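Below: one structure, written as structure tokens.
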Amino acid sequence: MSRPLAVFAYDFDGTLAPGNMQEHAFIPDELGMKHADFWAETARLAQEQRGDGILAYMHLMLAKAHEKGLELTLDSWRRRGANLRLFPGVEDWFARQNARAEALGLDLRHFIISSGNRELIEGSPIAHEFERIYASAFLFNDRQEAVGPALAINYTGKTQYLFRINKWTLNEWDNDAINAVQIARDRPVPFDRIAFFGDGLTDIPVMRVMTDHGGHPVAVYDPEKPYTEAAAAKLLADGRSRLAAGGDYRDGSKLDELADEILREMARGVTTNLFA
């Protein structure tokens, strides 16, 4: 870590890719269901069981896959993830931001913090770009078949992963390190060197934490869906996000320009702290 660490963290669904990942890779083609029907059944199950919506959708994915006799191995989930559709420019985004950060003297790392499926994201064309993929994950037996949920990341659960990054205690299962006392000035990635890109309700607590701790929350919306732009505008109006842009990751886009500004602000903060 010769250069100061900086982090860009992202939600996945609606942020790096349009819609929900299961709608592209699983629900319509393999389960033969309409998206709305699947999510309505998920909501009913969570309410009936007084349970968590993330656990409910993961259970339904497995239960309905069993009914259809679908393959549930880790490799099969990753193959499904290979078909995820991304917003324009996403695949080239990471190298460009890394080069900018290096020129500014920063060591930029990328993370996913998502309520979606880790296994699907691991199969996507951009999986190799991330330091960690924090996302809801299945539990696998010794035949590498999904048998239940191992990790569910809901809207409030996302916030713990900001603090894992902040303290650089990155293992999901390590509760001792994340809860250990570590004064702010000794943390490897202060919040003013973390940016979070998100799009919706499940990102509100994360954006609130980012705002309250001096981070850089960015609301991303789908330019083809006006209601998502309205949601981003509300995040700005409510003070939960500092910046907003459409999901266009190409060189020179508004989002790309915002990323450039954020990296420059991070670098200025490093310089200021050195001489403070």
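Remarks
- Within the chain, longest stretch free of exposed trypsin sites (Lys or Arg not before Pro) [DSSP loop, at most 14 other beta carbons within 10 Å]: 144-249
- Dipole orientation for the chain: of the candidates Ile54, Gly105, Phe38, Gly105 has the Cα lying most toward the positive pole (charges on Cβ; Lys, Arg +1; Asp, Glu -1).
- Surface/4 estimate of mean projected area, convex hull on alpha-carbon atoms of the chain, nm²: 15.4 nm²
- Net length gained if the chain between Ala40 and Leu151 were fully extended (0.36 nm per residue, minus Cα distance): 37.8 nm
- In the range 153-259, the C-alpha radius of gyration followed by the widest Cα-Cα span (Dmax) gives 14.9, 45 angstrom.
- Cross-link pairs beyond the 29 Å C-alpha cut-off, checked among Lys225/Lys254; Lys167/Lys254; Lys68/Lys158: Lys167/Lys254; Lys68/Lys158
- Rounded to 10°, Cα long-axis angle of helix 35-49 versus longest principal axis of the chain: 90 degrees
- Cα centre as origin, Lys/Arg/Asp/Glu Cβ charges: the chain dipole, Debye: 600 debye
- Exposed chymotrypsin sites (Phe, Trp or Tyr not before Pro) absent - longest run of the chain, DSSP non-H/G/I/E/B, at most 13 other C-beta within 10 Å: 1-172
- Length gained when the stretch Asp29-Gln182 is fully extended (0.36 nm per residue, less Cα-Cα span): 50.3 nm
- Placing a label point 7 Å from the Cα of Arg250 along the Cα-to-Cβ direction, the residues of the range 71-113 with a backbone N closer than 15 Å are 86-93.
- Within straight-line cross-link reach of Lys64, lysines at Cα separation under 16 Å, skipping those fewer than 8 residues along the same chain: Lys34
- Distant-in-sequence amide H partners of Phe196 (H built 1.01 Å from N, under 5 Å): Ala9, His216, Val218
- Across all Cα atoms of the range 22-81, the radius of gyration (one decimal) and Dmax (whole number) stand at 11.6, 33 Å.
- Normalised contact order of the chain, rounded percent, pairs of Cα under 8 Å and 6 or more residues apart: 22 percent
- In degrees, nearest ten, helix 254-274 long axis to first principal axis of the chain (Cα): 50 degrees
- Nearest 10 degrees, 0 to 90: helix 53-68 Cα axis against the chain principal axis: 40 degrees
- Estimated D of the range 1-101 in µm² per second, where Rh is the Kirkwood radius over Cα pairs and Stokes-Einstein applies at 37 °C, 0.692 mPa s: 205 µm²/s
The numbers here are math on the coordinates, done by the rules we state, and not lab data. Just so you know, these numbers come straight off a predicted model, no measurement behind them. So basically every Cβ, Gly included, is an ideal-geometry build from the backbone, and we count neighbours across all protein chains shown.
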